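Below is one structure, written out as structure tokens, with a few remarks after it.
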Amino acid sequence: MKLQQLRYIWEVAHHDLNVSATAQSLFTSQPGISKQIRLLEDELGVEVFSRSGKHLTHVTPAGEAILEAAGEVLRKVETIKQLAQEFSDEKKGSLSLATTHTQARYALPVPIEKFIQQYPDVSLHMHQGTPMQISELAADGTVDFAIATEALELFNNLLMMPCYRWNRCVVVKRDHPLAQVSQLALEDVAAHPIVTYVFGFTGRSKLDDAFYERGLSPKVVFTAADADVIKTYVRLGLGIGIVARMAFDDDKDSDLVALDASHLFAPSVTKIGFRRGTFLRGYMYDFIQMFAPHLTQDVVEQAYALNSKVDVDELFKSIELPTY
């Protein structure tokens with residue numbers, strides 16, 4: 001059994017069983033990958049993938065277990081590489097993040113700029129996706145950190161730490177009747193067509209919970225994952241927008257009015273998570289603290305030493321989170 005063979009089956013499984021696409025991503029040949037997979041299966045005495053002719057169709061039950069073990073082996077190999085690199089040059093390496101559009105557009109530019117200035121020889125890679133996709137990328141070790149508001153808690157092998165609280169604003173055109181209301185009521189919001197986030201994005205569940213608890217049925221006419229898209233359709237008159245307050249720029253969005261909605265909806269908490277067992281290099285600790293200043297290396301190590309989510313939550317109860 002060769003490490004290369006484990007890498008091949010892992011990559012094929014994560015390229016939708018497309019051997020050609022896997023070969024391209026690994027800069028090798030398709031026949032070479034297929035041959036090595038067959039040699040591994042012959043040695044193990046079981047098939048990792050079922051086939052129809054020359055095409056892989058699905059992962060076998062035995063393959064599922066083998067892939068899980070292969071993933072652990074590959075992650076440990078990566079940890080060994082990281083350990084060696086930390087001792088050889090602590091300021092060189094790579095850092096990969098998975099996050100949503102809102103975080104990438106509004107929360108991350110400042111810490112990333114600071115990080116690049118301090119670590120110019122560390123290559124940064126950002127993946128954008130849904131909160132579920134983001135969590136999966138961190139849980140399987142594809143990325144170092146996941147930064148999101150939702151779905152992180154669904155993965156038991158992720159250590160999640162709170163970064164900041166945030167709430168929402170209602171965005172309307174300047175000539176909209178709500179622009180004259182001094183303090184919004186939830187009934188005011190529900191009385192108008194709403195443009196907001198897709199469910200599962202950017203604390204959308206908090207909105208739905210607030211309306212449900214008051215027995216209101218809001219008319220959501222358009223949803224998007226991107227606050228800039230939401231504001232575009234507010235400008236077109238499709239409805240009133242509900243976005244994260246951080247996504248409203250008083251200068252760039254001067255043609256719109258942002259109405260405070262923090263009293264209408266429960267605040268959300270953005271978290272940063274990484275897979276338990278991940279070796280954190282010095283610059284990774286620094287990135288976490290640049291993004292969330294209260295998450296010092298000492299605090300992160302304390303959280304890492306705790307085994308249960310309840311204990312981790314208890315650790316952060318005494319820490320005052322910034323609010324945006």
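The values are calculated or read from the model by the stated rules, or taken from the named source; none is laboratory data. What you see is a predicted model, and the numbers here were worked out from it, not measured in a lab. Cβ atoms come from the backbone with ideal geometry, glycine included; neighbour counts cover every protein chain shown. Side chains are part of the model used for accessible areas, which takes the heavy atoms of the whole protein and leaves out ligands, DNA and RNA. Shrake-Rupley method; radii C 1.70, N 1.55, O 1.52, S 1.80 Å.
At-a-glance table
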{"quantity": "Count of residues meeting criterion [polar (S, T, N, Q) and open to solvent by less than 40 Å² (accessible area, probe 1.4 Å)] in the range 3-35", "calculated": "2"}
{"quantity": "Subset of the range 245-284 that is touching a residue at least 12 places away in the same chain (Cβ under 8 Å) and of a type in the set (S, T, N, Q) - its residue that is nearest to residue 209 (Cα to Cα)", "calculated": "268"}
{"quantity": "Scan of the range 9-49 for residues that are more than 18 Å from residue 73 (Cβ to Cβ), free of Cβ contacts under 8 Å to residues at least 12 places away in the same chain and not in a loop (DSSP other than H, G, I, E, B), ordered by number", "calculated": "20, 21, 23, 24, 30, 31, 32, 35, 38, 42"}
{"quantity": "Residue in the range 272-286 that is farther than 30 Å from residue 95 by Cα and either within 18 Å of the chain's Cα centre (by Cα) or modelled with pLDDT of 90 or more (or both) present", "calculated": "no"}
{"quantity": "Failed criterion for residue 296 (all others in (1) closer than 23 Å to residue 179 by Cα; (2) surrounded by fewer than 19 Cβ atoms within 10 Å (Cβ to Cβ) hold)", "calculated": "(1)"}
{"quantity": "Search result, residues across the range 282-313 that are of a type outside the set (A, V, I, L, M, F, W, C), assigned to a helix (DSSP H, G or I) and more than 30 Å from residue 261 (Cβ to Cβ)", "calculated": "282, 283, 285, 286, 289, 297, 298, 301, 302, 304, 311"}
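This table checks each residue for (1) at pLDDT below 90; (2) among the hydrophobic types (A, V, I, L, M, F, W, C); (3) open to solvent by 20 Å² or more (accessible area, probe 1.4 Å).
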{"site": "57", "(1), (2), (3)": "no, no, yes"}
{"site": "68", "(1), (2), (3)": "yes, no, yes"}
{"site": "71", "(1), (2), (3)": "yes, no, no"}
{"site": "76", "(1), (2), (3)": "yes, no, yes"}
{"site": "83", "(1), (2), (3)": "yes, yes, yes"}
{"site": "97", "(1), (2), (3)": "no, yes, no"}
{"site": "103", "(1), (2), (3)": "no, no, no"}
{"site": "118", "(1), (2), (3)": "no, no, yes"}
{"site": "127", "(1), (2), (3)": "no, no, yes"}
